[in-house]
Amino acid sequence: MSEGHTGVTAATPAEPIVSCAEECGVRDVQDRLGDRWTVHVVVELAAGPRRFKELQRLVDGVSQRMLTFTLRRLERDGLVRREVFPTTPPQVEYSLTATGHSMTHLIKQLVDWSLDHRAAITRSREEWDARHPA
């Protein structure tokens, strides 16, 4: 290379696009997004505050116990706000925090990616299954 060369060297395909050399917290986020109900709950709360029973109706298939557990984890992580109204019986409303709302952009990208690649993934699965009969 000549003195004063300022050319850009292209990255080789072997270099990772994303890396997390030190503890970067990705495991915590992955655990949260990877559980069965978090994405469904966040999507429903993105539309606005919801009461518990309303959320339970909207998140198809979730049990009362699992919804409670999921909401508590999201609240602990600062993604969901729980507000109790002083009525008889007490009414509880859940909403996304600013951090929770920021996560909806990631979920939208994941949904968009899934829609864009659904046919190719289905085709790949069918081809693989044909080559590897059970």
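The values are calculated or read from the model by the stated rules, or taken from the named source; none is laboratory data. The structure presented is a predicted model; accordingly, all values stated were derived computationally and were not measured. Positions of Cβ are generated from backbone atoms using ideal geometry, with glycine treated the same way; all protein chains shown enter the neighbour counts.
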Exactly one of GLN91, GLN56 is in contact with a Ser or Thr (Cβ under 9 Å, 6 or more places away or on another chain) and among the polar types (S, T, N, Q), and that one is GLN56
>> Looking for something under 30 Å from ASP28 (Cβ atoms), touching a strand residue (DSSP E or B) at 6+ places or on another chain (Cβ under 6 Å) and polar (S, T, N, Q) - is there at least one such residue anywhere in the stretch 110-119?
In response: no
If you go through SER19, SER2, the only one that is under 19 Å from LEU106 (Cβ atoms), of a type in the set (Ser, Thr, Tyr) and either in a loop (DSSP other than H, G, I, E, B) or at pLDDT 75 or above (or both) is SER19
Taking the stretch 87-108 and the residues there that are polar (S, T, N, Q) and not in a strand (DSSP E or B), the one that is nearest to the chain's Cα centre (by Cα) would be THR104
Within the stretch 47-72, the residues that are touching a residue at least 40 places away in the same chain (Cβ under 8 Å) and either in a helix (DSSP H, G or I) or in contact with a helix residue (DSSP H, G or I) (Cβ under 7 Å, 6 or more places away or on another chain) (or both) are ARG50, PHE52
When you look at GLU75, is it touching a Phe, Trp or Tyr at 6+ places or on another chain (Cβ under 9 Å), surrounded by 13 or more Cβ atoms within 10 Å (Cβ to Cβ) and not in a loop (DSSP other than H, G, I, E, B), yes or no?
yes
